[in-house]
Amino acid sequence: MKKLNSKAVGLTLGVMGSIFYIGCFLLMSILGKEALIQSGNLLVHGIDFSTSIRMDISIGETLLGIVASFFVWGTFGALFAFIYNKFNK
């Protein structure tokens, strides 16, 4: 089997994580709190999101979240490719 390029997988997942974060931010902005609570409760059974959703997120926190998502998911992707390549000998 072909080896994975750790850098490419890491960058890909980093970008995808950032896009997902931005998508969540946009959904929060568009839907509003009540619709967001209902959507969350539909997707995850048994968890009440009404006390855990915070709508007053600043632009600075949003930008930090995008950057953090990139690094967390990018690290996860690079580590995944590295481990995959070790097992794929």
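Derivation of every value follows stated rules applied to the coordinates shown; laboratory data play no part. It should be emphasised that the depicted structure is a prediction, and the values quoted were computed from it without experimental measurement. When we count neighbours, we look across all protein chains shown, and the Cβ atoms used for this are built from the backbone with ideal geometry, even at glycine.
For the chain, with the dipole built from +1 on Lys and Arg beta-carbon atoms and -1 on Asp and Glu ones, taken about the Cα centre, which of 37, 55, 87 lies farthest toward the positive end?
The listed residue farthest towards the positive side: 87.
Using the Karplus equation 6.51 cos²θ - 1.76 cosθ + 1.60 (θ = phi - 60°), what ³J(HN,Hα) coupling, rounded to whole Hz, does each residue of the range 65-81 give in order, writing x for Gly and Pro?
x, 5, 5, 4, 4, 4, 5, 5, 5, x, 5, 4, x, 5, 5, 4, 5
Cβ neighbours within 10 Å, averaged per peptide: list 74-85, 19-30, 46-57 in order, most packed at the top.
Output ranking for 74-85, 19-30, 46-57: 74-85, 19-30, 46-57.
Mind putting a number on the dipole of the chain about its Cα centre? Charges go on the C-beta only, +1 for Lys and Arg and -1 for Asp and Glu, and I need it in Debye to the nearest 20.
I would put it at about 740 debye.
Given the rule -39500 (n - 2.57) for each run of at least 4 DSSP H residues, summed and divided by the residues of the chain, what is its mean residue ellipticity at 222 nm, to the nearest 500 deg cm²/dmol? Walk me through the numbers before you get to the answer.
Details: 3 runs with 66 residues, N = 89.
Computed ellipticity for the chain at 222 nm equals -26000 deg cm²/dmol.
Using 0.36 nm times the number of residues separating residue 84 and residue 53, minus their current alpha carbon distance, what extension gain do you get?
Stretched out fully, the residue 84 to residue 53 stretch lengthens by 7.5 nm.
Enter the per residue convex hull volume of the chain, computed from alpha-carbon coordinates, in Å³ rounded to the nearest integer. Mind showing how you got there, number by number?
Details: hull volume 10.6 nm³, N = 89.
About 120 Å³ per residue, rounded to a whole number.
Mean separation of Cα pairs under 8 Å and 6+ residues apart, divided by the residue count of the chain: what relative contact order is that in percent?
Relative contact order here is 62 percent.
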